[in-house]
Structures are given as structure tokens and as C-alpha cells.
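**Student:** Below is a structure I'd like to ask you about.
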Amino acid sequence: MKNICIFVLFIIFTAVFQYEVQAQTELEIVKKVSNEIQIDSLNSFLKDLTGVNPVIIDGKLDTITGRYAYSEGGVLASKYIEENLRNFGYKISSQAFTEYGYNVIAEKSGILYPEKKYIICAHYDTMPYIELSPGADDNGSGTSAVLEAARVLKDYNSNYSIIFALWDEEETGLEGSKYFAKKAFESGEDILGIINLDMIGYNVNDNLTVILTVEDSKELAYTVIDINEKMDVGLTLQLDINERPDGSDEMSFQEYGYKAILLEELMPRSYPHYHQITDTFDKIDHEYHFKNTRLAISTLTYLVELSEATFVNEDNFVADYFLKQNYPNPFNPTTTISYLVRERSNVNIEVYNIMGQKIKDLVNQEMKSGTYEVEFDATNLPSGVYFYNLIAKDYKQTNKMLLIK
Ligand SMILES: [Zn+2]
């Protein structure tokens, strides 16, 4: 009798433990990534972009003194941004949209839903239209934050695709983002959310940041507010819905019905160096800039469902197979298991109990490439930990799930 008691206790303990682990997983990865964001790295990008530090572009030493539209500095800046993104291992898909206009774009393919995308973006062009146009706050602050996002996310997988975009010619009328958004809309691109960063470095009022958006996109804003609290970012957020016409590149996307928000300091006009040659690196409150960057990256991390990069191929970010965590989990009595097959093959998904006995073959057939879902019904099974695995060719992945009745 005593032995049985201990065994039962062990199972209950395991079950509770698994439950806690699962409940924490989503935010755990957000916290892990958040801890990898470095204020020194962020500042280093910003110093490079604003001419404080020299840069090496095309193997030559140079300085970015300005990045205004149609300028040589703008070309230099676009090359600098592109080289960084390429060095991080991303696929580059930049767009030259006029003779001078150039959007720098990098992509990370999602493992489970490669066709569904989230965008983190900022404009890199500056004001005023003269050679010395450092644009530290407007918008070196947003550009460096997107580069930092690209740096910290490079070694992870995500279920959804991520686009890192740096727009040109925002100051001349949102030209770069308009071009991208129109093209995306016309080709039916499935963009789930856009986080735009423009002027996030000047601390006007005690760590106050505005989320500027429209009615249609407010759910995305609520996610940002939620992450600010859960991650203890330390910003005071003010949600402005439909209140101001003076937005930034997020408006180009909102026009086509995409869900987009802008993060920015109180108001552009509240920055005394707005569109002046005095918009320099020393005007930035680095702690405040860091907090905004952390908020943006944490929200993105959460949205794209990041995971450790265990299935990464050498030459690409995309695995041939992928078995997703079941949902819901814990469950009672049914749960859904999603998986990806990239190559036609025989796929087997089996469920085992904690004793290692096979309960069921959920899938056992030849399948063509695609993303699939299968339901597991545990109506006649007792509460406890179960395992399910996907076996295809030389791939085998096992996940745990928890049935609580
Ligand atoms: Zn701006």
C-alpha cells in the first residue's frame, strides 16, 4: 500500500510540475530574449548612425553625417543597415522604389506559419535636408532599436515570420512604407501586425510613451500594454486612438486594413531639437531609449511565438518538419496538435502514456508538404502526463502534454 501511495504522489507531483512549466513557457522566452538586449549594443548602432563613430561599409572606413532623402549619406546608411542585417544571417529583400528611395528589408521565415508575418520597423531617413542631419531621436532611436531586435532574435526560431524593415523617405510623405504596404496588399500578403518605432529616445515626461493607433488596431496596442506590465518594462503608456493625424509609417499599413501601431515619445513637437541639426546622440536618454526598445522587442517576441532554435538547418532557418506544442495544454478532454511537413513523406504521430505504453496512432500515412492539425481525444483516459511524437524520415520530435480531468 505504501509503495502505491508513493507512486501516486509521484505522478501528481510530475503533473503539477509539468503544468507550471507549461504555463510559464511563453513569458519565459520573452524574458530570456529581453535579458539579451544590451544598452551598449543599442548605443553602438545609434553612434554609427549619427556620425559619432566611424563605420566600415564595403570594407571602407566612413562616417554617416546625415541620412536625409536622396542624399549620399542616406545611401551610406542603407548600406550600413543592410550589411548588419546580412551579417546576422537574414535573407535580404530590400526595395529600390524610386531612383533614390530604398527600403532596407530583412526576413526571418516562420517555422509553422511562414506565410503569416509580423513587422518591426522604423524610418531611417532624417531632417533637415542638409548634409549634417544626424537625426538621433528622429529616427536613429527607432532604427537602432530595429537593428537590436534583429541582433537578439537571430538565433531563435519563430512560428510566424518576422520582417525587419527600415523605411526611406518617411519625411517626404511616408513614401517608403506606402510603397511596401501597397505592394503587400496587392499581392495578398498576410501581415498580422506592424510595430513602428519613431522617436523613442527623448524622455519628455518621466518615461511616458504614447501608443498611437486606430480603432481597428487597438488589440495590438493592448498586447503592448500587457507586456509592459508583465515584463516590468517601467514605461508609463498612453493610448491614443484616432486622436492625431500626425502619425508615421504605421499609417501606410492602416490604410489597407493591416493592424499597426506606433510607439513614440509624447509628441514630435515636444522635442526641442525636432528636425534640427542639433538632434544629436547626446540628447538621447539612453535608459528611456532602452526601455522602449525592450518593450517593442518583448511584444514582438511574444507575438511571433519564439522558440529555441533546435531545428535550424545550417543554411536556412526553416526545418523540414516541426511538431508544435499542443493547444490547449493542459486539456480536457480534447487538444489540437499542429505540425509542419515540408517534403512529401510518411508521417507518424503517436501518443504514449507516462509508462511508455502506446495509446494511439494519431497519424500514420503519406502526406504532402503543408501545415496540418490533428485532434487528440482523451475522453476514456485518466488524468496525467502524456507524450506525443512525430516521426518522419530521420526526424523525430517528442513533446509532453497534460490531461487534467
Ligand atoms: Zn520620424
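The values are calculated or read from the model by the stated rules, or taken from the named source; none is laboratory data. Note that this is a predicted model, so its numbers are computed, not measured. Glycine gets a Cβ as well: all are built from the backbone with ideal geometry, and neighbour counts include every protein chain shown.
**Student:** Could you check the range 133-160 and list, in sequence order, the residues that are away from the ligand (no atom under 16 Å from the Cβ), charged (D, E, K, R) and touching a helix residue (DSSP H, G or I) at 6+ places or on another chain (Cβ under 7 Å)?
**Tutor:** Hits for the range 133-160 are GLU148, ARG151.
**Student:** So GLU99 passes all but one of these: (1) buried (at least 19 other Cβ atoms within 10 Å of the Cβ); (2) at pLDDT below 95; (3) away from the ligand (no atom under 16 Å from the Cβ). Which condition number does it fail?
**Tutor:** Only one criterion is unmet by GLU99, namely (1).
**Student:** Now for a different question. Among the residues of the range 138-157 satisfying the criterion of being out of contact with any Ser or Thr (no Cβ under 7 Å at 6 or more places or on another chain) and modelled with pLDDT under 95, which is farthest from ASP285 (Cα to Cα)?
**Tutor:** ASP155
**Student:** Still on this structure, I have one more. Of all residues in the range 161-208 being small (Gly, Ala, Ser) and away from the ligand (no atom under 16 Å from the Cβ), which is nearest to GLU255 (Cα to Cα)?
**Tutor:** Out of the qualifying residues, it is ALA181.
**Student:** Moving on to the next point. Report, by residue number, each residue of the range 109-132 that is hydrophobic (A, V, I, L, M, F, W, C), surrounded by fewer than 24 Cβ atoms within 10 Å (Cβ to Cβ) and within 16 Å of the ligand (Cβ to nearest atom).
**Tutor:** Correct list: MET127 only.
**Student:** Limited to the range 239-268, what total is found for residues that are closer than 21 Å to THR172 by Cβ, away from the ligand (no atom under 12 Å from the Cβ) and among the charged types (D, E, K, R)?
**Tutor:** Final tally of qualifying residues: 2.
**Student:** In the range 202-233, what residues are within 20 Å of the chain's Cα centre (by Cα) and within 21 Å of ILE37 (Cα to Cα)?
**Tutor:** Residues satisfying the conditions are THR209, THR223, VAL224, ILE225, ASP226, ILE227, ASN228, GLU229, LYS230, MET231, ASP232, VAL233.
**Student:** Are any residues in the range 68-94 more than 16 Å from VAL146 (Cβ to Cβ) and touching a Phe, Trp or Tyr at 6+ places or on another chain (Cβ under 7 Å), and if so, which ones?
**Tutor:** TYR68, ALA69, TYR70, GLY74 - these are the residues of the range 68-94 that are more than 16 Å from VAL146 (Cβ to Cβ) and touching a Phe, Trp or Tyr at 6+ places or on another chain (Cβ under 7 Å).
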